[in-house]
Amino acid sequence: MNMEQYNGKRVFGGIAIGRLYVYSREDQQVKRERVEDSQREVLRFRKAQEEAIDQLAGLHEKSLQTVGAANAAIFEIHRMMLEDDDYIESIENMINTQKVNAEYAVAMTGDNFAEMFAAMDDAYMKERAADVRDISERVLRILSGEESGGIEAEEPVIVIADDLAPSETVQMDRSKVLAFVTVHGSANSHTAILARTMGIPALVGASVSLEGSLHGKMAVVDGDKGLLYVDPDPETLHIMQERRNALLAQKELLQTLKGKETITRDGKKVMLYANIGNYKDLAKVLENDAEGIGLFRSEFLYLERDTYPTEEEQLKVYKAVAETMAGKRVIIRTLDIGADKQADYFKLPKEENPAMGFRAIRICLRRPDVFKTQLRALFRASAFGKIAIMYPMITSLQEIVRIKEIVEEVKRELTKDGVPFGEPEQGVMIETPAAVMISSRLAKEVDFFSIGTNDLTQYTLAIDRQNEQLDDFYDPHHPAVLQMIAQTVESAHRENVWCGICGELGGDPALTRLFLALGVDELSMSPGNLLAIRKIIRETDVEEEGEAVRKEFL
């Protein structure tokens, strides 16, 4: 047996080792039949439609328990599609005018609607093609009296399929599934999102053919690198087993630390938060037991499209994040584009040195219409959870004064419009030496500081962090950078303002004890780093170790 290797798009990381289970739904063999009693066929369709809606309600309930409200919403979308007037009228009109059986009318309408969605330019609408096929196949199964397919396996397996509908994913026995691999499907499909939420290694768009005899073969899914190995050789299998064991050990660590307070041995409480760049990252946040979100990069809403996101589009995302985090603090950074993050429709000028150019808060203050749209959405979303707003790239008090003026305009407009909103905390990112030097004054104007160590390091050392030639000179542990962090924390605490770190150093285990000694109140990092940092914090006695650690670094 020769090992075969296939590429796929990674959906969720991790290593799965087991036998392949080729999943194929039974093809609906639909024949066109002429009927005399078209009214009877319409009634058959309506009865099947009602049963399908009941099934979807059951799937929605099950999904609420297993994958959360946001992901369960797909079954509400399916229910609405099943109740859509155009969909129903197409089926019933075909039955009545062509005198055909209900099965044929459902199948043809499903194909027609799916092709219509697939031809659309909008990525979201393209995804609806798979959904309309899913609901049509559900109705066809009911009409033909077939049961939904499951997995018939005695041991947990790697499920491989041409594609998987969301309902198929949810209905599978989680204890029997080691991983998902599909030949088709996108990394943004609902099935992919469900796989992420369930924490199962998954690949989509795999280059494998299902024509061969894959069923029952030993395989490995490397969800981190997007690879599928079939009949792995002994060396590959050993390497993968070692990696899987390391990941399982990390998961066991999660179980021992999950729900535990992030508190030092001498009783200092630290807020341990996660950085995320997208709503899709929330599953990782919850899985790793973050106590909040310390940096939600809102620019993904602007970078993933070719026109400005509307207030309603932004509200939908911010509200969903706030509700999912269920009362935990969610710090959302206002638009931070420019430098290495460009959106063509902003028509930003070409710059010799974009890292020091027209970016972040500078864009927002020059284009208050764009800024106010985002602020309206943020203030409205804050009525649904504990949202905090964070302004990036601050260098002066004048910027804070202008931000506050715009915020007051937004609140007056929302009040005038009768739109409910909350009173979110408002803070600034300390990521320029200028902000550090005036931090004692800034602290009088805001509710919190969050230190962005990535930019603070590059501006302090005068080193472009995107320039690979300067990697040997770029030192985030430089005493000047650490002194600036210390000064910022002191300035914050003098004014009873809390101070966190949301740059890369926040998740750097080499500096955790120093940050505790400096009195940092919050550390925010990639979700995967949370547990290791919590372990260090819980093992540290700041009273005993603080002075020695300060001397070591400062």
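Couple of notes before you dig in:
- Fully extended contour minus Cα-Cα distance, from GLU304 to GLU242, at 0.36 nm per residue: 18.6 nm
- Each label point was placed 7 Å from the Cα along the Cα-to-Cβ direction; for ARG538 and ARG265 their separation is 1.4 nm.
- Rounded to the nearest 10 square angstrom, PHE300 shows an accessible area of 30 square angstrom against a 1.4 Å probe.
- Label-to-label distance, LYS225 versus ASP162, with points set 7 angstrom from Cα along the beta-carbon direction: 3.1 nm.
- In degrees, nearest ten, helix 38-66 long axis to first principal axis of the chain (Cα): 30 degrees
- Working from Cα pairs under 8 Å separated by at least six residues, relative contact order for the chain is 14 percent.
- Comparing ALA381, SER491, GLY528 along the charge dipole axis of the chain, the residue lying farthest to the positive side is SER491, per the Cβ-charge model.
- Accessible area of the chain belonging to carbon and sulfur atoms, whole % at 1.4 Å probe: 48 percent
- Answer label, with Kirkwood radius over Cα pairs in Å calculated from the coordinates and candidates [x] 26.4; [y] 27.7; [z] 24.6: [x]
- Contour minus Cα-Cα distance for GLU83 and LYS411 (0.36 nm per residue): 114.2 nm
- 0 to 90° range, to nearest 10: angle between helix 530-539 axis and the chain longest Cα axis: 40 degrees
- Per residue accessible area of the chain, 1.4 Å probe, in Å²: 47 Å²
- CD proxy at 222 nm, helix term only [per DSSP H run n ≥ 4: -39500 (n - 2.57); per residue of the chain; nearest 500]: -15000 deg cm²/dmol
- Charged-residue dipole, Cβ positions (Lys, Arg, Asp, Glu), the chain about Cα centre, Debye nearest 20: 1200 debye
- Debye log10 I(q)/I(0) at q = 0.13, 0.15, 0.16, 0.19 Å⁻¹ for region 395-542, Cα point scatterers: -0.66, -0.83, -0.91, -1.13
- Based on the convex hull around the alpha carbon atoms, region 366-421 presents an average projected area of 4.0 nm².
- Against the chain, whose longest principal axis is taken from its Cα atoms, helix 234-257 shows a tilt of about 60°.
- Listed residue (LEU227, GLY259, THR307) projecting farthest to the positive dipole end of region 208-341, Cβ model: GLY259
- Extending 7 Å from Cα along the Cβ direction at ASP37 and again at LYS444 yields two label points whose distance is 8.7 nm.
- Long pairs among LYS176/LYS225; LYS269/LYS316; LYS225/LYS386, criterion Cα-Cα beyond 25 Å: LYS269/LYS316; LYS225/LYS386
- Here SER209 and GLN29 are evaluated by their C-beta separation; at R0 = 25 Å the FRET efficiency comes out at 0.60.
The values are calculated or read from the model by the stated rules, or taken from the named source; none is laboratory data. The model shown is predicted, which means the values in this text are computed figures rather than measured ones. In this analysis, Cβ positions are derived from the backbone assuming ideal geometry, glycine residues included, and neighbour counts consider all displayed protein chains. For accessibility, only protein heavy atoms count, side chains too; no ligands or nucleic acids. Shrake-Rupley method; radii C 1.70, N 1.55, O 1.52, S 1.80 Å.
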